[in-house]
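Asks: Structure provided below as structure tokens; questions to follow.
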Amino acid sequence: MTLLHLFNGDSLLDALSGKVKGTCMVWKEALCQGPLSYKVSHGESLDLREQYWVSQYGLEARESFQEFRQILSWLVDQDYLSQFEEVVLWFGEDYFCQMNLLALLSTWHQEGKQLRKISLVSAHFHPEVGHVTCLGNLSPEQLLGIFPDRKEIRNEDLEVADILWQLLTAKDPRPLNHFKQSVPHDRFNWVKGIRLHGLLFPFLQSGLNALEWRILGELAEGPLPFKQLIGTVLRKDVNFGLGDSQYVAIAQRLSPVLIQADGTGWDSIWALTAKGTEVVAESLSLDRRELPEGQVGGASDHNFAWSEDEGKLVEREVLL
């Protein structure tokens, strides 16, 4: 059988290179942050993402994004895909992986690509390690052990993924509130990803989202070296699966309003500002407009918020 293995990250490729039969490829995008578009493979969408990459990580990110353009061109090439009897997707259940997975499945659905078989290798629990944050936490032997249990992705799964991706990339995220309980054919726990997506919007009362709270919470006990701060939030991340570059971007958006640095680089010392201290103590609610506007999926984090009392996304302007 001719297989194409698509890994969500270089670490999986490093772990399984030479250990699985077939062609190996890495999905080199991180759709868990930045502006998103429904038509991922179209030129305007790719240009928008490339601009975001360069703005976040500098001009050197352009070369990396060119790699992704090439990979995506293969993944939407019917002649290329037709040579494989099965495309095996190695994507975990964390938010980072799920956003990339939904985008890919939606793209295949939009483009009407005909693949002989698509399967997904994933795991939320392993008897030897317990809860699995992301597949990269498993050893090569453990990864090979779960490979036979991969689930086939059916046409109805592609349809559901396409609907969810449309909602996740929409300018108004509130229709996602209807998927709090269940999604038809939710064989891959996509409801969990939707729930995590909502928590990336600022909470209505505090003005901070779940990940921003984590960063400020670590600094509530006192200043920390930047490397230690990012390392700590990475270790405690059991659902989102973000990498260090994503957490660095979050921390930098909070500066200088809520946190400030003494020095530069990984050895700089970061601490709460006076306003950050008040927000963490819940004696002050942040006006979100004091921070740079960000995108959560296709929506602005200045326009929408997560209501903790109602457990749903709401339009901020209506409530102010």
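Asks: Write out, first by first residue and then by second, each pair whose Cβ atoms fall under 9 Å of each other, whose residues are 6+ apart or on separate chains, and whose first residue, in the stretch 63-79, is in a helix (DSSP H, G or I) while the second is at pLDDT below 95 and open to solvent by 80 Å² or more (accessible area, probe 1.4 Å).
Replies: Gln78/Gln114
Asks: Return the only residue of Arg214, Arg187 being surrounded by 16 or more Cβ atoms within 10 Å (Cβ to Cβ) and among the charged types (D, E, K, R).
Replies: After ruling out the rest, the residue left standing is Arg214.
Asks: For the condition surrounded by 18 or more Cβ atoms within 10 Å (Cβ to Cβ) and over 30 Å from Asp47 (Cα atoms), what is the one hit in Leu89, Leu143?
Replies: So the residue among Leu89, Leu143 that is surrounded by 18 or more Cβ atoms within 10 Å (Cβ to Cβ) and over 30 Å from Asp47 (Cα atoms) is Leu143.
Asks: Have a look at Lys227, Lys171, Lys192 and point out the one that is under 15 Å from the mean Cα position of the chain (by Cα) and either surrounded by fewer than 20 Cβ atoms within 10 Å (Cβ to Cβ) or more than 17 Å from Met99 (Cα to Cα) (or both).
Replies: Lys192 is the lone residue from the list that is under 15 Å from the mean Cα position of the chain (by Cα) and either surrounded by fewer than 20 Cβ atoms within 10 Å (Cβ to Cβ) or more than 17 Å from Met99 (Cα to Cα) (or both).
Asks: Which ranges mark the helices (runs of 4 or more DSSP H) fully within the stretch 209-254 that have 2 or more residues being in contact (Cβ under 8 Å) with a residue 40 or more places away in the chain, farther than 14 Å from Ala30 by Cβ and out of contact with any Phe, Trp or Tyr (no Cβ under 7 Å at 6 or more places or on another chain)?
Replies: Passing ranges, in order: 210-219, 244-254.
Asks: Could you list, in sequence order, all residues of the stretch 293-308 that are in a loop (DSSP other than H, G, I, E, B) and more than 20 Å from the chain's Cα centre (by Cα)?
Replies: Of everything in the stretch 293-308, those that are in a loop (DSSP other than H, G, I, E, B) and more than 20 Å from the chain's Cα centre (by Cα) turn out to be Asn303, Glu308.
Asks: Going by the structure shown, is Ala251 within 15 Å of Ala210 (Cβ to Cβ), in contact with a Pro (Cβ under 7 Å, 6 or more places away or on another chain) and of a type outside the set (D, E, K, R)?
Replies: The answer is no for Ala251.
Asks: Please state which one of Leu143, Leu104 is of a type in the set (A, V, I, L, M, F, W, C), under 22 Å from Pro35 (Cβ atoms) and either at pLDDT 95 or above or in a helix (DSSP H, G or I) (or both).
Replies: Of Leu143, Leu104, the one residue that is of a type in the set (A, V, I, L, M, F, W, C), under 22 Å from Pro35 (Cβ atoms) and either at pLDDT 95 or above or in a helix (DSSP H, G or I) (or both) is Leu104.
Asks: Additional query: Spot the failing condition for Leu89; the list is (1) under 18 Å from the mean Cα position of the chain (by Cα); (2) over 19 Å from Arg150 (Cβ atoms), and only one is missed.
Replies: Only one criterion in (1) under 18 Å from the mean Cα position of the chain (by Cα); (2) over 19 Å from Arg150 (Cβ atoms) is unmet by Leu89, namely (2).
Asks: To continue, here is another question. Looking only at the stretch 13-43, filter to residues that are within 30 Å of Ala299 (Cβ to Cβ) and not in a loop (DSSP other than H, G, I, E, B); which one of those is modelled with the lowest pLDDT?
Replies: Top of the filtered list is Gly43.
Asks: Inspect the stretch 13-32 for any residue being touching a Ser or Thr at 6+ places or on another chain (Cβ under 7 Å), crowded, with 20+ Cβ neighbours inside 10 Å and within 26 Å of Pro292 (Cα to Cα) and give the result as yes or no.
Replies: no
Asks: Has the stretch 133-156 got any residue that is farther than 20 Å from Leu89 by Cα and in contact (Cβ under 8 Å) with a residue 24 or more places away in the chain?
Replies: Looking for residues that are farther than 20 Å from Leu89 by Cα and in contact (Cβ under 8 Å) with a residue 24 or more places away in the chain, one finds none in the stretch 133-156, hence no.
Asks: Further question on the same structure: Answer yes or no as to whether Leu120 is of a type in the set (A, V, I, L, M) and part of a strand (DSSP E or B).
Replies: So Leu120 fits the description; yes.
Asks: Considering only residues that are surrounded by fewer than 16 Cβ atoms within 10 Å (Cβ to Cβ) and under 17 Å from the mean Cα position of the chain (by Cα), which ones fall in the stretch 49-65?
Replies: Answer for the stretch 49-65, where residues must be surrounded by fewer than 16 Cβ atoms within 10 Å (Cβ to Cβ) and under 17 Å from the mean Cα position of the chain (by Cα): just Tyr57.
The values are calculated or read from the model by the stated rules, or taken from the named source; none is laboratory data. Nothing here was measured: the structure is a model prediction, and the numbers come from that model. FYI the Cβ positions are ideal-geometry reconstructions off the backbone, even for glycines, and counts take in every protein chain you see. Keep in mind that these areas ignore ligands, DNA and RNA; they rest on the heavy atoms of the full protein, side chains included. Shrake-Rupley method; radii C 1.70, N 1.55, O 1.52, S 1.80 Å.
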